[in-house]
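Since the structure comes first, as structure tokens, the remarks are kept for the end.
The values are calculated or read from the model by the stated rules, or taken from the named source; none is laboratory data. Keep in mind it's a predicted model, so treat the numbers as computed, not measured. All Cβ positions, even for glycine, are placed from backbone atoms using ideal geometry, and neighbour counts span all protein chains on display. With ligands, DNA and RNA removed, areas are computed over all heavy atoms of the protein, side chains included. Shrake-Rupley method; radii C 1.70, N 1.55, O 1.52, S 1.80 Å.
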Amino acid sequence: MIILLLELLFPTPKMCPLCGKKQEKLQICNECYNLKIKIQKEEGQCSRCGTFSRKGIYCPTCYSWPDEYIKNTSPFPYRDEFEEMLRNFKFNYHGYLAAPVAMAIFNEVCTNHALIRDMTGALVIPVPMSPKRKLEKGYNQAEVLAKELALIFDARLELNLLKRPKDTPHQTGLSRTQRRKNLSNAFTIAQDRV
């Protein structure tokens, strides 16, 4: 009932979140999806880390990664309208974008990761924010996205397993080394959940 009321008051836009083309529902349109495919084909996408405009098994982004990181992926290049959509979702409180972003992740996983198509029983854990940061922002985009992913993949959602007691500075603008140092000991496992 509450969901219906919210939808009446604040209807989900029926459009492509990338180009704004009107559609029957909120989803990435075929033209924008084909643009992503075109970029992948013409410019490449690293087969290990998923960075767009890179070719080969290892690229400058992932050549120094530990061997445990076998395969990472990205459903979008981080540029132009794709970057704008992701920035709106992450920084501008456009939580409704979680659904098309989650569907793009689902499609990417199903297309490129045949071994993990069935994630029934898998565990989805969002990266937590510190209580202070969540209060300031009022919104954890990782949590909103995790809820959508758990629904699509029919996976188990665990919102309280990881804790972030340490209020770390923003990662934006930091180098890889600074990011690692910044996140050192930033997360803990909730003891009551173990």
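For LYS14, the solvent-accessible surface computed with a 1.4 Å probe is close to 130 Å², ligands and nucleic acids excluded. Inter-label distance, GLU108 to ARG79: 1.6 nm, where each label sits 7 Å from its Cα along the C-beta direction.
For segment 165-177, putting each phi into the Karplus relation 6.51 cos²θ - 1.76 cosθ + 1.60 with θ = phi - 60° gives couplings of x, 8, 8, 8, x, 4, 7, 4, x, 8, 6, 4, 5 Hz, in residue order, rounded to whole numbers and with x for Gly and Pro. Backbone phi angles across segment 134-146, fed through the Karplus curve with coefficients 6.51, -1.76 and 1.60 (θ = phi - 60°), yield HN-Hα couplings of 5, 5, 5, 7, x, 6, 10, 4, 5, 5, 5, 5, 4 Hz in residue order; Gly and Pro are listed as x. Across segment 47-53, computed HN-Hα scalar couplings (Karplus, 6.51 cos²θ - 1.76 cosθ + 1.60, θ = phi - 60°) run 6, 9, 9, x, 5, 6, 6 Hz from first to last residue, x flagging Gly and Pro. Under a Gaussian network description of the chain, with springs only between Cα atoms under 10 Å, the residue in LEU183, LEU145, LEU162 that fluctuates furthest is LEU183. Computing FRET efficiency as 1/(1 + (r/R0)^6) for LYS55 and GLN23, where r is the C-beta to C-beta distance and R0 is 41 Å, gives about 0.80.
Give the cross-link partners of LYS25 among the aspartates and glutamates, using a straight C-alpha distance below 18 Å as the criterion and excluding same-chain residues fewer than 8 apart. Reachable aspartates and glutamates: GLU7, GLU148. Listed by chain and number, the aspartates and glutamates placed with their C-alpha closer than 13 angstrom to that of LYS14 are GLU24; residues fewer than eight positions away on the same chain are left out.
Relative contact order of the chain, taken over Cα pairs closer than 8 Å and 6 or more residues apart, is 13 percent. Considering all different alpha carbon pairs of segment 20-70, the Kirkwood hydrodynamic radius works out to 12.7 Å. Bridgeable lysines around LYS181 (alpha carbons under 19 Å apart, same-chain partners fewer than 8 residues away excluded): LYS163, LYS166. Here segment 135-194 is treated as an ellipsoid with the same Cα gyration tensor; its semi-axes, largest first and in whole Å, are 24, 16, 12.
Give me the tail of P(r) for the chain as a percent: Cα-Cα pairs with distance above 20 Å. Summing the P(r) of the chain above 20 Å gives 65 percent of all pairs.
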